Each structure stands twice: as structure tokens, then as C-alpha cells.
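Below you'll find the structure, written out as C-alpha cells, and then a few comments.
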Amino acid sequence: MSGNVEFKVRATPETFRARSVVVSLTADDLQESLTWYTDVVGFVVGERFEDNGTLRGVSLKAGSIELMLSQDDGGLGQNRVKGQGLRIYFDTAQDVDQLAAAIRTRGGTLASEPQTMPWGSRAFSLVDPNGFKLTIASDA
């Protein structure tokens, strides 16, 4: 291929290209979930969303990612099962064994202990107070 450069032609209309993603989870008890994510897992509060003095939602930060929590208003039924068919993966450069140990020290329970996956990453899992499944993994 001497000097010939091939360029791909962009699809018309243009395909979707996102710049980031923020997941928003609905909580049965927003304060309980907020406490779990901050005090147990280690997220920090980014922004609080209140309506007439009542906390309705919160953005949480962990490194460069953002996760939203909002209070379930019961519009889709009280005590409905949440988290079915959904798992949120967090990729980190941190030592997952140390992260798991810190979570256990702060009172958290792991759904699965840190283990090396067949594809080489090391990961462990948690389940939040509403049933949402989280996996924290590192390739390091």
C-alpha cells in the first residue's frame, strides 16, 4: 500500500456518538442509599437536588464518573423490584483487593470476593440497598 491511505466514509445520517454516560438509579429510601454509596463504597456528593426542602436526588462522584440517585415516587408501584437485568461496571486503576477490604471495614458486604477473571481483570461485586448490582474491576 505505497502511499495509498483509505478513509472510511461516515454514515449518513451521522451515527450516534456520545461523550459520556451518567446512570440514574431510583432508590426506595434515598437517604439510606446515599449513606451506603458515600460511607460504605466511597463516593462523594457532587450536587443535591431538593424540592421545598426535601431531598429528591443527588449526584455522586467517584473519580471521573458520575452516578445519580433519585427518590422513588411510587408511580410505578410500591416495593417494586429494582436492578433486574442490570449490572453497572466501574473500571478503576486502584487495587481492587484494597478497595474491597476498605468496603468491608466500613460495614459493606461483598456479593463476590475479588477474583481474577478469565480475561485478566480483577473484580468484585456488591449489591446496593435497592438491588442494583455493581462490579468494580481493574486491569492493573
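Please work out the Cα center distance from the range 66-99 to the range 13-54, rounded to the nearest Å.
Here the answer is 9 Å between Cα centres.
What whole-number value in cubic angstrom gives the convex hull volume per residue for the C-alpha atoms of the range 1-75?
About 186 Å³ per residue, rounded to a whole number.
Take every DSSP beta bridge with both residues inside the range 71-140 and express the antiparallel ones as a percent of the total, to the nearest 5.
Values: 9 of 14 bridges.
Just about 65 percent of them are antiparallel.
Among (1) 8.6; (2) 13.8; (3) 7.6, which one is mean projected area of the Cα convex hull in nm² computed from these coordinates?
The calculated read-out lines up with (2).
Would you be so kind as to identify which of 81, 38, 62 lies farthest towards the positive end of the dipole of the range 19-101, taking Lys and Arg as +1 and Asp and Glu as -1 on Cβ and the Cα centre as origin?
Result: 81, furthest along the dipole toward the positive end.
Tell me, which longest segment in the chain has none of the chymotrypsin sites (Phe, Trp or Tyr not before Pro) that fall in DSSP loops with at most 14 further Cβ atoms within 10 Å?
Here the longest run is 17-118.
Assign unit charges at the C-beta atoms only (+1 for Lys and Arg, -1 for Asp and Glu), then state the dipole size of the chain relative to its Cα centre in Debye, rounded to the nearest 20.
Dipole magnitude for the chain comes out near 400 debye.
Computed from the coordinates by the stated procedures, all read-outs in this text should not be read as laboratory data. Note that this is a predicted model, so its numbers are computed, not measured. So basically every Cβ, Gly included, is an ideal-geometry build from the backbone, and we count neighbours across all protein chains shown.
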